[in-house]
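Here's the structure, in C-alpha cells; my notes come after.
A short reminder: the numbers here are calculations on the coordinates, not readings from a lab. This one's a predicted model, so the numbers in the text were calculated from it and none came from an experiment. Because the Cβ atoms are built from the backbone with ideal geometry, glycine has one as well, and the counts that use them run over all protein chains shown.
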Amino acid sequence: MNFTFLRQLPGTLYSAVVMELLERLAYYGMYLVLGIYLMDEIGIPADLYGLVVPGIFMSTLYLLPLFAGALADKYGYRPALMVAFSTLTAGYLLLGNVSSFAMICVALGLIAIGGSIIKPVIAGAVTHTTEEGSTRPVGFGLYYTMVNIGGFIGPLLAAAVRDRFEFRYVFWVSAAACAIAFLQAIFAFKEPLPDEVRASSKTVGDKIKEMLMVLGNWRFVLLLVIFSGFWGMINVLFSFMPHYIKNFTDLEPLKGFFSSIPLIGNWLASVTKPEVFVSIDALLIIGFQAVISYLTRRWPTLRAMLVGTTIATLSWILPALSPAAIVVATGIVIWSIGEMICSARFFQYCGTVAPADQVAVYLGYSFFAIFIGNFYSGPWAGWLYERFVRGPLEAGIDPTPAPFFAGVMAMGAFSVIGLILYGRFINPVKEQRHSGESS
C-alpha cells in the first residue's frame, strides 16, 4: 500500500491530531483513576461523586462545545487552543494540589471548560485542513486513531506513576501533557481559518437559534433520548468500574503471569491496575474497529444499533456474576464488541433522521445524546454504588453489587426497548426515504 500521500497532508493537521493525542492522554489518565482517588483517597461518598463527576462534569463536557465551537470559529482556532490548554494545565495542576472538595470542583470546572473547547476545535481543524472526497477520510482516520491511542496510553502512564509515586503525580502528568500541547499551539499550529471564513461564521446567538430549530424535530430528539442509555453505560464503565475492580477483583494472578514474561514482564506487572484493565476497551477499538465495521457494513443502521446495544447491555451480566479477573475482562471484551457495532452507526443514523439539506447540522447536535446519558447516569449509578457497594464496604458489611449492575443494565434495556419501538412505529418510512434501508 502506498502511504506517500501522508507526506502531502499539511503540518497543521498533524499538529492538531498530536494535540488531540496529548489531551486524550491527559484526560483518560486522570479520569480512569479519579473515582479511586476521590472515593478512597479523599473519602467522598459515591453518590456525591456520581452527581459531580460522571454527572455534572461529564455533562458539561458535552454541552459547552456547542458554544465554544462558535467562539472559536469567530475568533480563531489558534487562540482557542491556547486558552484551552492553558486552562487544562491549570485545572490538572490544581487537582493535584488540593484536597478540599470545593477546590476539586473548581479544578474539574477548569478541566471541563478547557476540554469543551478542544472537542470542536480539533475536529474543525481537521475539516479545514483536508478536502472532501479526497484527504478528509484520512484526516479523520488519524484523528480517531489518536483519540484511542491517547485513551490507552493515558491509563498506562497513570498506572506507572501510581506504582512509583504519590497519587497526585498522576494529575501532574496530565498537566505536563497539556503544557506540551500549549507550547505546540503557540509554535507549531498555524491558523487554518481564513479571515473571510471567520467573518461569516455563526455567532453564539445563531447557534442557540440553530439548536432550538434542531431540537424542534421530535423524531431526532426522541432518538437522542432513546440512545442516551447506551452512552450512560459507557459513562459508568469509565467512572465506576476502576473503583469496583480495585476493591473486588484480584489482579495478583495476572501480575504473576506477566512478571514471568522476559524483558517486559516486570513493567507489565507494575501497570496491571484497574485503570489499565478498563482500558482494554480502547485497545480493542484501536485493533478491531475497522474489522467490526467491515463485517457489519451491510446491516441496516438501526439493526446494527439494536444488536450492538443489546450485546453491550448483556455484557454487564458477567461482572455481576463474579468479580474474578477473567470474568470481568470477558465482560469488557463483549462490551467492546457491542460498542464497536453500534456507536459509530448511531452518528450515521442521526444523519438519516435529519432533513436531507441539514444533515451536517444535525450531526453536530448528535452529542446531545451523550450529554443526556451522562446527566442522569452519574447520579443514578452513584446512588446505586453507594447504597449497595461502597456504603456496605465502608461499614464492614458484605456488599451486594448485583443491584448496581442491574441498574446499569436498566439504562441499556431502556435503549434496547426504545430502539425496537422506534424501528416499529417511527423508523421505517423515514429510513427508506433517506437511505433505502429497512429494519
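Worth a mention:
- Look at the alpha carbon pairs under 8 Å that are at least 6 residues apart: their mean separation over the length of the chain gives a relative contact order of 25 percent.
- Extension gain, S259 back to K190 (0.36 nm per residue minus Cα-Cα distance, nm): 20.3 nm
- Between the residues Y14, I42, V173, the greatest Cα displacement towards the positive end of the dipole of segment 7-202, with unit charges on the Cβ of Lys, Arg, Asp and Glu, is found for Y14.
- Stretch gain in nm, segment V333-F347, where the contour uses 0.36 nm per residue and the Cα spacing is subtracted: 2.8 nm
- Segment 302-349-segment 209-237 distance, computed between alpha-carbon centres (Å): 20 Å
- As a proxy for reagent exposure, E41, E339, E131 were ordered by neighbouring Cβ count within 10 angstrom, fewest first; the result is E131, E41, E339.
- Segment Y294-D40, length gained on full extension (0.36 nm per residue, minus Cα span): 87.2 nm
- Here the chain is treated with +1 on each Lys and Arg Cβ and -1 on each Asp and Glu Cβ, and its dipole about the Cα centre works out to around 680 debye.
- Projected label distance in nm at S270 and M213, using a 7 Å step from Cα toward the beta-carbon: 5.6 nm
- Taking other C-beta atoms within 10 angstrom as a stand-in for reagent exposure, T130, T203 fall in the order T203, T130, fewest first.
- Cross-link partners of K255 among aspartates and glutamates (Cα-Cα below 17 Å; sequence separation of 8 or more within a chain): D163, E275
- Among the GluC sites (Glu not before Pro) in segment 166-272, those placed in a DSSP loop whose Cβ has at most 14 other Cβ atoms within 10 Å are E166.
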